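Undergrad: Below is the structure I would like to discuss, written out as structure tokens.
The values are calculated or read from the model by the stated rules, or taken from the named source; none is laboratory data. All values reported here derive from a predicted model rather than from experimental measurement. We place every Cβ from the backbone using ideal geometry, glycine too, and count neighbours over all the protein chains shown. Surface areas here come from the heavy atoms of the whole protein model, side chains and all, with no ligands, DNA or RNA. Shrake-Rupley method; radii C 1.70, N 1.55, O 1.52, S 1.80 Å.
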Amino acid sequence: MDLGISGKTALVCASSKGLGRGCAEALAEAGVHLILNGRGAEALEATAVEIRAAHGVDVKAVAADITSDAGRAQVLEAAGQVDILVTNAGGPPPGSWSDWDRDNFINALDANMLTPIALMKSQLPGMMDRGWGRVVNITSQSVKAPIAALGLSNSARAGLTGYVAGTARQVANKGVTINNILPGAHYTDRIDMLDNNAAASSGKTMEEVRAAKYATIPVGRYGTKEEFGAMCAFLCSQYAGYIVGQNILLDGGGVNTTM
Ligand code: NAP
């Protein structure tokens, strides 16, 4: 399917690995030029080389912490005005509600709420002036169904979701859509870290932890970054102009709700 976005430019944050990389690859396959970002220069450069070679699109790579003011300024300067913005950053660490203090919450809000808001504020005016734009925020299944150990994530992402719900409806008449994708468990470094933590704290093996988690997902496995990226690319396509302010859950059926 031709998504109708060949030749456009996308800034995909936190995209050297994992779900961000899945989005970058799917957009590149649709002919979109990319600005990639991650903190570690080596993995980022390797990803840029592979995507350029596979898809023949222009790829700029900016090694910077997207959650810091200085890092974000560096990325935005290199990116300039883009047609497509995918916001993403690492998730907050797991823990317990009784341990988190103000600083823990401020860090989580900075990374997973205020950073995507700052990125949107920087790009939305240009998209509106040009009459076309797509924003996809990578959030989490925890917005719909809280994950106890990820209370910092539950809180920050709920705040971002509220902001998007209001903002998406104020920019839609200029041809700009904003939507969120809510990942359930996907095979990435992040889920390896969470499952390793669960194994260490429960005395179970990684295989036992995985088997127990698969049993809670109707599909019986985790999702892949390719499945995730394909949804992102569709939301960025010409065909998604009527999808506004939505929260698309990609979770293999794990969240047991009617809507
Ligand atoms: P991942 O496999 O750990 O990959 C994270 C990517 O983001 C890497 O490229 C990493 O590169 C980059 N990154 C992390 N922090 C960054 C920062 N401050 N600035 C710039 N780049 C940064 O993670 P993932 O599984 O793809 O998760 C992506 C997001 O989805 C996270 O917020 C996570 O909480 C959320 N999520 C994931 C799952 C899942 O099952 N995978 C489920 C629900 C929610 P560097 O480390 O080199 O910076």
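Undergrad: For residue 8, give me every one of the aspartates and glutamates with a C-alpha distance below 18 angstrom, ignoring sequence neighbours fewer than eight places off in its own chain.
TA: 25, 29, 58, 77, 83, 129
Undergrad: As a check on your grasp of the helix formula, calculate [θ] at 222 nm for the chain: sum -39500 (n - 2.57) over DSSP H runs of n ≥ 4, divide by the residue count, round to the nearest 500.
TA: -14500 deg cm²/dmol
Undergrad: A further question follows. For a quick check of understanding: with a 1.4 angstrom probe and all protein chains in place, what accessible area in square angstrom does residue 192 have, to the nearest ten?
TA: 60
Undergrad: Kirkwood Rh over alpha-carbon pairs of segment 157-259, then Stokes-Einstein at 20 °C and 1.002 mPa s: what D in µm² s⁻¹, rounded to an integer?
TA: 137
Undergrad: Past the 12 angstrom mark, what percentage of all C-alpha to C-alpha distances in segment 111-168 do you count?
TA: Every Cα pair in segment 111-168 considered, those over 12 Å come to 68 percent.
Undergrad: What accessible area per residue comes out for the chain, rounded to a whole number of Å², with a 1.4 Å probe?
TA: That works out to 46 Å² per residue.
Undergrad: Over the chain, what percent of the accessible surface lies on carbon and sulfur atoms, probe 1.4 Å?
TA: Ligands and nucleic acids excluded, carbon and sulfur reach 54 percent.
Undergrad: Can you give the accessible area of residue 258 in Å² (nearest 10), computed on protein heavy atoms with a 1.4 Å probe?
TA: We get 140 Å² for residue 258.
Undergrad: Run the dipole for the chain about the Cα centre, Lys and Arg Cβ at +1, Asp and Glu Cβ at -1, nothing else charged, and hand back the magnitude in debye, nearest 20. Intermediate values should be presented prior to the final figure.
TA: Values: 21 positive and 24 negative charges, 124 e Å.
The dipole magnitude comes to about 600 debye.
Undergrad: From zero outward in steps of 5 Å, how is the percent of C-alpha pairs of segment 207-249 spread across the bins?
TA: 5, 18, 20, 17, 14, 12, 9, 5, 1
Undergrad: When only the heavy atoms of the protein chains count and the probe is 1.4 Å, how do 187, 242, 222, 214 rank by accessible area, highest first?
TA: Per-residue accessible area, sorted high to low, gives 242, 187, 214, 222.
Undergrad: Could you grab the Rg to Rh ratio for segment 73-122? Cα atoms only, Kirkwood for Rh.
TA: Reported Rg/Rh, Kirkwood definition of Rh: 1.10.
Undergrad: Put +1 on the Cβ of every Lys and Arg and -1 on every Asp and Glu Cβ in segment 58-148; which of 126, 114, 71 then has its Cα farthest towards the positive end of the dipole?
TA: Most positive-ward Cα: 126.
Undergrad: Additional query: What does the charge count around residue 60 come to, taking other residues whose C-beta lies under 13 Å from its C-beta (Lys +1, Arg +1, Asp -1, Glu -1)? Before the final figure, lay out the partial values.
TA: Values: positive: 52; negative: 45, 58, 77.
Residues near residue 60 contribute -2 overall.
Undergrad: If 189, 69 are ordered by their accessible area, calculated over protein heavy atoms with a 1.4 Å probe, which sequence runs from highest to lowest? It would help to have the intermediate numbers written out before the result.
TA: On the way: 189 95, 69 120 Å².
Sorted by accessible area, descending: 69, 189.
Undergrad: Specify the inter-centroid distance of segment 1-76 and segment 171-240, based on alpha-carbon positions, in whole Å.
TA: Cα centroid of segment 1-76 versus Cα centroid of segment 171-240: 19 Å apart.
Undergrad: With the Cα gyration tensor of the chain in hand, give its eigenvalues times 5 under a square root as the equivalent ellipsoid semi-axes, listed largest first in whole angstrom.
TA: Computed over the chain, the values are 28, 20, 19 Å.
Undergrad: From the protein chains alone at 1.4 Å, what is the descending order of accessible area for 227, 25, largest first?
TA: 227, 25
Undergrad: Let me ask something else. So how much accessible area does residue 144 have, in Å² to the nearest 10, using a 1.4 Å probe?
TA: Estimated to the nearest 10 Å², residue 144 gives 90 Å².
Undergrad: Something else about it: Only four residue types carry charge here, +1 at the Cβ of Lys and Arg and -1 at the Cβ of Asp and Glu. Report the dipole size of segment 69-110 about the Cα centre in Debye, rounded to the nearest 20.
TA: That gives a dipole near 60 debye.
Undergrad: For the chain, can you list the cysteines whose C-beta has no other cysteine C-beta under 4.7 Å from it?
TA: Lone cysteines by the Cβ rule: 13, 236.
Undergrad: Okay, moving on. With equal scatterers on the alpha carbons only and no solvent term, can you work out the Debye log10 of I(q)/I(0) for segment 62-164 at 0.15, 0.16, 0.17 1/Å?
TA: -0.64, -0.71, -0.78
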